[in-house]
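For reference, the structure discussed in these notes is given below.
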Amino acid sequence: MMDALSVVSQLRDLASEPQNREAIVQDQGCLPGLVLFLDHKDPQVVFTSLQTLRYLAESTQNINTMKNELGMMVTLEALKENSGLNGDITDLAKEVHEVLSTLDTYRTPEQTKRRNKHQFFINSSNKKAKSVTLHIQGLDGTDQRGVCEEALLKVKGVISFTFQMALKRCTVRVRADLPTESLASAIAATKVLSVQQVVKNESGEEVLIPLGTTGMKVEENSHLPDYLPEDESPEKETDRAVSRTTAKQDSSGSWLNTAASFLTKTFYW
């Protein structure tokens with residue numbers, strides 16, 4: 001059974017892949033749903049919705065549609081000014097609002113490059129993000145996946161992550177200044193999982209390299225509320241839903257359409 005956090009978390013993971021962003025914005029249900037999620041009572045739903053919007057705004061073709069979406073700018077403005085929210089939410093709301101408020105919607109590649117040097121998610125000015133692929137020994141089922149999720153969510157600098165359970169892999173998107181060893185240390189601290197990094201050698205073949213964890217201090221998030229565990233379908237289905245990230249493959253009977261249907265039924269459109 002889907003809930004709001006499950007839906008918006010999956011949308012965020014899909015939006016983290018550039019090839020999916022235009023399809024998500026063009027969908028008639030997803031963007032209005034994200035706007036309504038910005039008013040959700042659960043701060044984690046609000047925060048994850050903002051992350052999703054920030055990813056979607058990376059595609060310049062989406063900006064006009066997003067800022068003209070009913071309620072978008074008004075709600076972002078309210079979040080910016082809401083002193084009762086934690087700083088991570090207000091900071092990210094300010095960043096998304098700023099991106100959508102820019103007049104130079106159609107920027108040259110050089111302008112985009114200069115602009116992105118100064119913006120990326122929370123407290124990360126002058127930083128770019130990177131993706132790290134990890135092979136996790138012990139990632140044998142949903143229980144172990146939950147342990148891994150909890151460990152990663154505590155690491156300051158982690159933006160999002162997706163799992164390929166069949167391969168025992170996790171692709172983590174992090175701030176560029178976060179050492180990969182910090183991820184390994186957090187996972188090793190679970191006492192039930194161990195990790196190696198997946199990289200390609202000069203021949204283009206994937207190889208596993210060990211990651212040191214001794215003496216590595218992990219900076220933990222201090223402001224984020226507790227992350228609520230998602231209701232998951234059986235493991236085989238979870239592999240299919242999470243590991244597929246291309247919206248074009250999801251065009252008919254897809255998870256994206258399922259999410260949009262959930263949003264439609266939830267908000268009575």
Q. Can you list the residues, at least 5 places off or on another chain, whose amide H is less than 5 Å from the amide H of S160, using H built in the peptide plane?
A. R173
Q. How much accessible area per residue does the stretch 13-68 have, in Å², with a 1.4 Å probe?
A. 34
Q. Which value, in Å² rounded to 10, gives the accessible area of V25 with a 1.4 Å probe and all protein chains present?
A. 10
Q) Can you list the HN-Hα couplings for the stretch 193-209, worked out from phi with the Karplus curve (6.51, -1.76, 1.60; θ = phi - 60°), rounded to whole Hz and with x for Gly and Pro? A) 10, 9, 9, 10, 8, 9, 9, 9, 7, 5, 8, x, 8, 6, 9, 9, 10
Q.
If you take every residue apart from K94 with its C-beta less than 12 Å away from the C-beta of K94, what net charge results, scoring Lys and Arg +1 and Asp and Glu -1?
A. -4
Q. Which of the residue pairs K41/K154; K168/K191; K41/K80; K41/K67; K130/K156 have a Cα-Cα distance greater than 19 Å in the structure shown?
A. K41/K154; K41/K67
(Q) Per-residue counts of other Cβ atoms within 10 Å, averaged by peptide: what ranking do you get for 71-81, 150-160, highest first? (A) 150-160, 71-81
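The values are calculated or read from the model by the stated rules, or taken from the named source; none is laboratory data. Just so we're clear, the structure is a prediction, and the values are computed from it rather than from any experiment. Note: ideal-geometry Cβ built from the backbone for every residue, glycine included; neighbour counts use all protein chains shown. Side chains included, ligands, DNA and RNA excluded: accessible areas come from the protein's heavy atoms. Shrake-Rupley method; radii C 1.70, N 1.55, O 1.52, S 1.80 Å.
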